[in-house]
Amino acid sequence: MSRPMYLHNTLSGRKEEFVPLNPERVTMYVCGPTVYSYAHIGNARPVVVFDVLSRLLRRRYAHVVYVRNITDIDDKINAAASKEGVDIRVITDRFAAIYHDDMAALGALDPDHTPRVTEHLPQIIAMIEQLIARGHAYEAQGHVLFHTLSYADYGKLSGRDEQALMAGARVEVAPYKKHAGDFVLWKPSSDAQPGWDSPWGRGRPGWHIECSAMAEALLGETIDIHGGGHDLIFPHHENEIAQSTCAHGGKTFARYWLHNGFLNIDSQKMSKSVGNVLLVHELLKTIPGEVIRLVLLTGHYRQPVDWNDEIVAESRKKLDRLYGALRELADVEPAAGVTAPEAFLAALEDDLNTPMALAELFELARAANKAGDAADKARIKAQMLDAGRLLGLLQQEPAAWFAHAPAAGGAPTAEEIEALLAQRAEARRNKQWAESDRIRDALKARGVLVEDSKDGQRWRYA
Ligand SMILES: [Zn+2]
């Protein structure tokens with residue numbers, strides 16, 4: 001591993017060389033979903049971005065431990081459960097399973113661990129006790145609060161002056177708080193609410209403490225990379241740092257903080273009030289997961305991505321091009337031991353520059369289409385497949401890609417097309433050229449392009 005790898009660290013505000021604390025065990029924690037509803041496309045962005053990063057890390061280091069939590073204690077979950085009159089577990093199991101399947105459809109590999117909050121109450125309670133013992137947290141009216149004034153570096157990640165912020169916010173401050181910026185580690189539950197026994201009575205943890213406790217339980221006190229969406233920097237990640245650092249006597253919590261940018265819809269912020277929230281589960285009904293993934297990787301992860309019909313159509317065409325090149329190499333055995341080209345790897349290792357990496361991949365597709373001799377073809381095929389593997393793309397057979405159902409309604413199914421092409425082949429065997437053309441034109445009118453090649457007929461959705 002000669003080439004250094006660089007990651008932009010939100011904490012320092014600049015790109016830094018990534019050097020793991022222990023190259024024998026590289027650790028990454030990414031904040032996961034609160035499972036009370038379907039994930040929207042903005043939720044999918046960190047999943048895809050950090051999936052690519054985990055693939056890249058695994059390429060460089062023999063042992064990578066990637067943790068993405070499942071938040072299964074939350075007031076929104078409580079609300080959904082009481083609305084249906086079921087236990088919270090019914091809601092969280094249902095939406096955790098849907099989340100898993102939807103993200104898998106986007107080509108995201110399973111993290112090594114997906115811990116649930118309900119399975120880490122002892123660790124959470126122990127950490128809160130530690131914070132109280134060290135003078136960073138206090139109990140008041142059944143609540144336990146983290147005292148932000150007890151941690152001098154509070155606000156460092158987000159660059160916020162917490163005191164000034166609170167002075168200007170004019171928020172109504174709960175009477176049990178010593179300071180407006182103090183945040184909840186534990187809160188009491190009513191008899192009707194889910195709750196767990198604790199030294200402070202029956203209650204439930206606040207949101208932030210879960211990530212600190214689960215990161216420690218699975219990865220240790222200091223982790224290499226902590227990731228999430230840009231919107232988590234404050235207060236969630238700021239609070240995670242305060243909790244973990246103070247519970248561990250000042251030890252660094254996460255060494256590299258990575259945050260992905262926002263996802264807009266048609267240049268607008270996605271929001272319920274605008275009514276433009278796109279659910280992954282719905283999108284997958286008409287758009288192949290691989291297209292969605294490519295859209296999410298088209299921009300650099302720190303930049304905003306704009307989701308719109310044009311970029312979806314464009315991404316579909318790009319995959320047609322890549323799979324088209326691979327289809328031409330269907331009979332070629334990929335060269336053994338050949339990996340993605342250096343320029344491709346260097347792009348990814350430069351703060352996950354996926355736009356540049358994709359440009360290299362398209363360069364390979366162009367080279368594939370021009371390649372003359374067998375050795376070149378074998379090398380390029382191996383390079384394309386390996387580059388695709390790192391991006392989580394091109395992992396299906398070209399034929400399977402071209403058989404994908406199209407977005408627009410009215411196009412025939414793959415089975416229908418195959419049946420018509422069988423008729424067309426029959427017509428051609430009988431030299432009924434007019435009939436052959438009629439079937440081809442009829443398919444074209446329905447959005448299916450047929451090509452005749454030396455290996456027979458090929459088709460794809462236009
Ligand atoms: Zn978190």
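The values are calculated or read from the model by the stated rules, or taken from the named source; none is laboratory data. On a predicted model such as this, the values are computed, not experimentally measured, just so you know. Ideal geometry is used to build each Cβ from the backbone, glycine not excepted, and the neighbour counts take in all protein chains shown. Note: accessible area is taken over every heavy atom of the protein model, side chains too, but ligands, DNA and RNA are not part of it. Shrake-Rupley method; radii C 1.70, N 1.55, O 1.52, S 1.80 Å.
Here are some notes:
- Subset of the stretch 57-83 [within 20 Å of Ala340 (Cα to Cα) and touching a helix residue (DSSP H, G or I) at 6+ places or on another chain (Cβ under 9 Å)]: Arg59, Arg60
- Selected residue [over 30 Å from Arg89 (Cβ atoms) and within 13 Å of the ligand (Cβ to nearest atom)] from Leu157, Leu263, Leu219: Leu157
- Qualifying residue in the stretch 292-307 (condition: β-branched (Val, Ile, Thr), crowded, with 21+ Cβ neighbours inside 10 Å, part of a helix (DSSP H, G or I) and under 15 Å from the mean Cα position of the chain (by Cα)): yes
- Close pairs (8 angstrom Cβ cut-off, 6 or more residues apart or separate chains): within 17 Å of Val49 (Cβ to Cβ) in the stretch 20-31, part of a loop (DSSP other than H, G, I, E, B) and within 13 Å of the ligand (Cβ to nearest atom) anywhere: Tyr29/Asn69; Cys31/Asn69
- Boolean, Ala408 is surrounded by fewer than 16 Cβ atoms within 10 Å (Cβ to Cβ), in a loop (DSSP other than H, G, I, E, B) and either hydrophobic (A, V, I, L, M, F, W, C) or at pLDDT 90 or above (or both): yes
- Here Glu435 does not qualify as out of contact with any His (no Cβ under 9 Å at 6 or more places or on another chain), among the acidic types (Asp, Glu) and open to solvent by 80 Å² or more (accessible area, probe 1.4 Å).
- Pairing each residue of the stretch 227-241 that is more than 9 Å from the ligand (Cβ to nearest atom) and in a helix (DSSP H, G or I) with any residue that is open to solvent by 10 Å² or more (accessible area, probe 1.4 Å) and β-branched (Val, Ile, Thr), provided the two are 6+ apart or on different chains, yields C-beta distances under 7 Å for Ile233/Thr10.
- The residues of the stretch 198-207 that are of a type in the set (Gly, Ala, Ser) and within 12 Å of the ligand (Cβ to nearest atom) amount to a single one, Gly206.
- Tallying residues that are of a type in the set (Ser, Thr, Tyr) and either assigned to a strand (DSSP E or B) or within 16 Å of the ligand (Cβ to nearest atom) (or both) within the stretch 56-78 yields 2.
- Within the stretch 92-101, tally of residues that are without any contact (Cβ under 8 Å) to a residue 60 or more places away in the chain and open to solvent by less than 70 Å² (accessible area, probe 1.4 Å): 3
- Lone unmet requirement of (1) assigned to a loop (DSSP other than H, G, I, E, B); (2) under 30 Å from the mean Cα position of the chain (by Cα) for Gln383: (1)
- In the condition set (1) open to solvent by 30 Å² or more (accessible area, probe 1.4 Å); (2) within 17 Å of Leu394 (Cα to Cα); (3) not charged (D, E, K, R); (4) not in a loop (DSSP other than H, G, I, E, B), Thr339 is compliant with all but (4).
- Pairs where the first residue, in the stretch 202-220, is of a type in the set (Lys, Arg) and the second is open to solvent by 10 Å² or more (accessible area, probe 1.4 Å) and more than 8 Å from the ligand (Cβ to nearest atom), C-beta under 6 Å, 6+ apart: Arg202/Ser189; Arg202/Gly195; Arg204/Ile73; Arg204/Ser189; Arg204/Gly195
- Single residue of Ala137, Ala104 found to be within 15 Å of the chain's Cα centre (by Cα) and open to solvent by less than 70 Å² (accessible area, probe 1.4 Å): Ala104
- In this structure, Glu210 does not qualify as surrounded by fewer than 17 Cβ atoms within 10 Å (Cβ to Cβ) and either within 13 Å of the ligand (Cβ to nearest atom) or part of a helix (DSSP H, G or I) (or both).
- Qualifying positions in the stretch 263-286 - β-branched (Val, Ile, Thr) and open to solvent by 20 Å² or more (accessible area, probe 1.4 Å): Val274, Val277, Thr286
- Filtering the stretch 42-55 to residues that are within 13 Å of the ligand (Cβ to nearest atom) and of a type outside the set (Phe, Trp, Tyr) leaves only Pro46.
- Per-region count, the stretch 11-52, residues open to solvent by 30 Å² or more (accessible area, probe 1.4 Å) and either out of contact with any Pro (no Cβ under 9 Å at 6 or more places or on another chain) or over 24 Å from Ile209 (Cα atoms) (or both): 18
- Candidate set from the stretch 5-41 (those that are charged (D, E, K, R) and in a loop (DSSP other than H, G, I, E, B)); member that is nearest to the ligand (Cβ to nearest atom): Arg25
- Hits in the stretch 51-77 (condition: free of Cβ contacts under 8 Å to residues at least 40 places away in the same chain and among the acidic types (Asp, Glu)): Asp75
- When Ala400, Ala378 are checked against the criterion of being loosely packed, with under 12 Cβ neighbours inside 10 Å, under 36 Å from the mean Cα position of the chain (by Cα) and assigned to a helix (DSSP H, G or I), Ala400 stands alone in meeting it.
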